[in-house]
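The values are calculated or read from the model by the stated rules, or taken from the named source; none is laboratory data. The structure displayed is predicted, hence computed values, not measured ones. Neighbour counts are summed over all protein chains in view; Cβ atoms, including those assigned to glycine, are modelled from backbone coordinates with ideal geometry. Side chains included, ligands, DNA and RNA excluded: accessible areas come from the protein's heavy atoms. Shrake-Rupley method; radii C 1.70, N 1.55, O 1.52, S 1.80 Å.
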Amino acid sequence: MKSQFLKLMLLGFLAIPSSIFAQGTAKSESDSIVFVENVKSLDELFAKFKGQIIYVDFWASWCSQCIEELRHNDQIDSFMKENHIIRLYIALEKLETDSVLHQKSIERWQANVIKYNLNGYNYYVQLRSDFLKGITEKIMKGKLSLPRFSIIDANGNIVDRDANFPSRPEKLISQLETLVKKQ
């Protein structure tokens, strides 16, 4: 009986990634949290939001400073929504080659997205992936550094690789207002 239960649990865990990364975007229980489909590059991900300003939060579940910054989102969420600024969260998680550990990593990421109410678009990236190489080259100038926040303009250009943190809401809002006015 216990063996059958464990098999069913494992099958359920294995089914989750295909539903998350299926074609289109998958929504969670909250319509304001969207898990983005699998894309091949950072440019492809930014292209999904062409015509809109994007505030990108590069974070990880293992990064305590990242988690601390997630607690400050409420202070800037209304400004982002009022100004139609896309919130894009890119989680950079440890590389797990074992399928069970990989699944647990995805589940931990999803749990954090829901726990911290990460309203916006959420994308999962494993460290040492080709996607991560694009991030470190284009945003982090060759070195992984978290937490990291960036601003992308409506044309998909990186405006600021080191944008202000949510814990400095006045500075961040001022920085974004300047870009919104230019649009």
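Please go through the stretch 164-179 and give me each residue that is in contact (Cβ under 8 Å) with a residue 12 or more places away in the chain and assigned to a loop (DSSP other than H, G, I, E, B), ordered by number. Across the stretch 164-179, the qualifying residues are Asn164, Phe165, Pro166, Ser167. Given the structure, is Glu96 open to solvent by 30 Å² or more (accessible area, probe 1.4 Å) and either free of Cβ contacts under 8 Å to residues at least 24 places away in the same chain or not in a loop (DSSP other than H, G, I, E, B) (or both)? For Glu96, the condition - open to solvent by 30 Å² or more (accessible area, probe 1.4 Å) and either free of Cβ contacts under 8 Å to residues at least 24 places away in the same chain or not in a loop (DSSP other than H, G, I, E, B) (or both) - is not met.
Among the residues in the stretch 105-120, are any at pLDDT 90 or above and of a type in the set (Asp, Glu)? Checked against the condition, which is being at pLDDT 90 or above and of a type in the set (Asp, Glu), the stretch 105-120 yields at least one hit. Among the residues of the stretch 99-134, those identified as open to solvent by less than 20 Å² (accessible area, probe 1.4 Å), β-branched (Val, Ile, Thr) and outside any strand (DSSP E or B) are Ile106, Val113. The set of residues from the stretch 54-93 being buried (at least 20 other Cβ atoms within 10 Å of the Cβ) and of a type in the set (Lys, Arg) comprises just one member, Arg87.
When residues in the stretch 135-163 are screened for being open to solvent by 20 Å² or more (accessible area, probe 1.4 Å), touching a residue at least 24 places away in the same chain (Cβ under 8 Å) and not in a loop (DSSP other than H, G, I, E, B), 2 of them pass.
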